[in-house]
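Colleague: Below is the structure I would like to discuss, written out as structure tokens.
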There are 2 protein chains.
Amino acid sequence: MAADAELSAHGPLGIIAGSGGLPRRVIESCRAAGREVFVLALEGEADREAVATVPHAWCRVGAAATALDLLRTNAVSDLVLAGGVRRPSLAALRPDWQAAKILARIGYRALGDDGLLKAVIKELEREGFRVIGADQLLDEAGLPEGPLGRIRPDPDAESDIAHGMRIARAIGALDIGQAVVVQQGFVLGVEAIEGTDGLLRRCAPLRREGPGGVLVKVEKPGQEKRADRPVIGPQTVILAAESGLCGIAAEAGATLVLDRDEVIRLADSTGLFVVGIRPSDP
Amino acid sequence: MAADAELSAHGPLGIIAGSGGLPRRVIESCRAAGREVFVLALEGEADREAVATVPHAWCRVGAAATALDLLRTNAVSDLVLAGGVRRPSLAALRPDWQAAKILARIGYRALGDDGLLKAVIKELEREGFRVIGADQLLDEAGLPEGPLGRIRPDPDAESDIAHGMRIARAIGALDIGQAVVVQQGFVLGVEAIEGTDGLLRRCAPLRREGPGGVLVKVEKPGQEKRADRPVIGPQTVILAAESGLCGIAAEAGATLVLDRDEVIRLADSTGLFVVGIRPSDP
């Protein structure tokens, strides 16, 4: 654990676990480092298996008072937000008094996903917690510049990557999503609320005859780095291959790679490239 | 036919027919006005039934030489582009010599849909044709400001409309698409290559618990007004209702309404609003 020294010496690390593979990776990393954890598993989001073997409690997204109680009762002072949370409608949120108070302060409708996450982190800090980025807990989780596996993008793919980076950054600036799929210069799909996996699935039938198709994923400009960083993992490679794409390009330095060895193995065996691109690149 | 006087007195009106309901409406409007037509029906796009009763020929999108020959042989001098064309990949396009020459001149990869349409119109004008907007041929086809039917957006919907107009305009400026679906402040989906009908279908399962959901459709900034204007019709209302949305907002003045009476009847009977919004609105 690279940044272990930064963590408080006492109390378990609190992990607020959303969807995807990130919570499991954080839990495994803590276990390997002998760090105690307490997982607050978000209903409808977190993976049951991933949290089953460690101290945990389930909690609704709208039950902020319960969540804060659980964290304090379990002596948590340092917190990690790991995994995705589909932003629920106000009706589905059923905010408790604490959540209602927070919502009244920050507003809800006006905020995009990133705006909401920033506000949630601010609230947690106001309540006395220290919020840490998941990347600080994971060794070698950042996507480096250049190709991860054996395959490299050809000039056509590079052109699609450059176009995709421009579009994805613009989409991110609007706080809509982080990812786009581009093939031969056209945008097959733009990620919104369906998420990257959903985007990849729906782009399969939209592909045009001919080669190519690239998933491009970037950090939203000004994104809160302690939550909802762009993530790619084995599932991303599998879905990209199934959708007939030729590769994945993501923002180097900003993107977390889950299970890098498996990502490389899958990319090489399916013939896809996975490449880290610096924001300053074309 | 409002602008009949503007048309050349001799030769049939050429109609390049793509997908959707617009070609049929243009054909019907010409028939009602006693105007002869010759339809160039694009393979894989135009509706067989819509063109069956008038002089027509089928043509691949990539067969530009054949297309120009057909138009000249049939004494066409005025042309209307009606309906959508999914931009084919270069491989699927199989350009003939004429199309290849045009593509070499204008480039292909670098252009979005709107850029490509502008270039195609320029080429048609270079070849001596006069290109007319479909709206010039259709009576009362423009969406006026305000609600079309009995139902009006409530304040929540108005807030989603305002947000959707901002997002849709930004998406349009990137030449990605014309439409977005917004519910309770979040963007459920952004139209790219799948088109508005595809967007509506895929947004049905993405809706959040609770009320609302609005389709917002605008003209791309700087859009070529003689092709690919935003269109709504009965099918749009049916799909929006099936997807659980509460209404449709589109840019007043810029949007064509196909079969306005049926649109109003469907909107009123399904409880949806259909409202025209001026660009200067919120």
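Since every read-out is calculated from the coordinates, none of them should be taken as a lab result. Predicted, not measured: the structure shown is a model, and the values here were computed from it. Cβ placement follows ideal geometry from the backbone for every residue including glycine, while neighbour counts extend to all protein chains displayed.
Colleague: Nearest 500 deg cm²/dmol is fine: what mean residue ellipticity at 222 nm does the protein assembly as shown get from its DSSP H runs of n ≥ 4 alone, each adding -39,500 (n - 2.57), divided by its residue count? Don't jump to the answer; show the numbers that get you there.
Modeller: Working: 20 runs with 204 residues, N = 564.
About -10500 deg cm²/dmol.
Colleague: Per the Kirkwood treatment, what hydrodynamic radius in Å, one decimal, follows for region B:132-273 from the mean inverse distance over all distinct Cα pairs?
Modeller: On the way: mean 1/r = 0.0674 Å⁻¹.
For region B:132-273, the Kirkwood estimate is 14.8 Å.
Colleague: Based on the Cα gyration tensor of chain A, what are the three equivalent ellipsoid semi-axes, each the root of five times an eigenvalue, rounded to whole Å and given largest first? Intermediate values should be presented prior to the final figure.
Modeller: Details: eigenvalues 222, 90, 49 Å².
Square roots of five times the eigenvalues give 33, 21, 16 Å.
Colleague: Any chance you could tell me what percent of the C-alpha pair distances in region A:143-186 go past 18 Å? Each step should come with its number before you reach the end.
Modeller: Values: 359 of 946 pairs.
Taking all Cα-Cα pairs of region A:143-186, the fraction more than 18 Å apart is 38 percent.
Colleague: How far is A:Arg105 from the same spot in each other copy, in nm, shortest first, if each label point sits 7 Å from Cα toward Cβ?
Modeller: Those separations, rounded to one decimal, come out as 6.4 nm.
Colleague: Among the trypsin sites (Lys or Arg not before Pro) within region B:135-197, which fall in a DSSP loop and have no more than 14 other Cβ atoms within 10 Å of their own Cβ?
Modeller: Qualifying residues, ordered by number: B:Arg150.
Colleague: While we're here: Against the longest principal axis of chain A, how steep is helix A:22-32, in degrees 0 to 90 to the nearest 10, with axes from Cα atoms?
Modeller: The angle comes out near 70 degrees.
Colleague: Of all the stretches in chain A, which is the longest one without any exposed loop site, taking GluC sites (Glu not before Pro) in a DSSP loop (any state but H, G, I, E, B) with at most 11 other Cβ atoms within 10 Å? Walk me through the numbers before you get to the answer.
Modeller: Details: sites that count: A:Glu43, A:Glu140.
The segment A:141-282 is the longest one with no such site.
Colleague: Using only Cα atoms, tell me the angle between helix B:260-270 and the longest principal axis of chain B; keep it within 0 to 90° and round to the nearest 10.
Modeller: 30
Colleague: Let me ask another. So how far apart, in nm, are the two label points at B:Ala173 and A:Glu49 if each is 7 Å from Cα heading toward Cβ?
Modeller: Placing both labels 7 Å along Cα→Cβ, they lie 4.6 nm apart.
Colleague: Okay, moving on. Look at the axis of the rotation that sends chain B onto chain A, then give the chain B residue with the nearest Cβ and the distance in whole Å.
Modeller: So the closest residue, with its distance, comes out as B:Val190, 2.
Colleague: Under a crude label model (7 Å from the Cα following the beta-carbon direction), how far is A:Ala65 from A:Ala100 in nanometres?
Modeller: Label-label distance for A:Ala65 and A:Ala100, simple model: 0.9 nm.
Colleague: Here's another thing I want to ask about it. Once amide H atoms are placed 1.01 Å from N in the peptide plane, what residues at a sequence separation of 5 or more from B:Thr255, or on another chain, have their amide H within under 5 Å of its amide H?
Modeller: When sequence neighbours closer than 5 places are left aside, the close amide H contacts are B:Leu143.
Colleague: Shortest first, in nm, what separates the label point of B:Asp268 from those of the same position in the other copies (7 Å along Cα→Cβ)?
Modeller: List, nearest first: 6.8 nm.
Colleague: By how many degrees, between 0 and 90 and to the nearest 10, does the Cα long axis of helix A:97-106 differ from the longest principal axis of chain A?
Modeller: Helix A:97-106 and the main axis of chain A meet at about 50 degrees.
Colleague: State the extension gain, in nm to one decimal, for the chain segment bounded by A:Lys225 and A:Thr73, taking 0.36 nm per residue of separation less the distance between their alpha-carbons. Walk me through the numbers before you get to the answer.
Modeller: Numbers: separation 152, 0.36 × 152 = 54.72 nm, distance 2.73 nm.
Residue separation times 0.36 nm, minus the Cα-Cα distance, leaves 52.0 nm.
Colleague: Then there is this: If you put a point 7 Å past Cα along the Cβ direction, how far is that point for A:Asp69 from the same point in each other copy, in nm, smallest first?
Modeller: 8.1
Colleague: Say each of A:Glu28 and B:Arg265 gets a label point 7 Å from the Cα, pointing the same way as Cα to Cβ; how far apart are those two points in nm?
Modeller: 6.1
Colleague: Then there's this: Subtracting the Cα-Cα distance from 0.36 nm times the residue separation, let me have the gained length for A:Arg201 to A:Asp154 in nm, one decimal. Spell out each step's value before the answer.
Modeller: Values: separation 47, 0.36 × 47 = 16.92 nm, distance 2.37 nm.
Here the answer is 14.6 nm.
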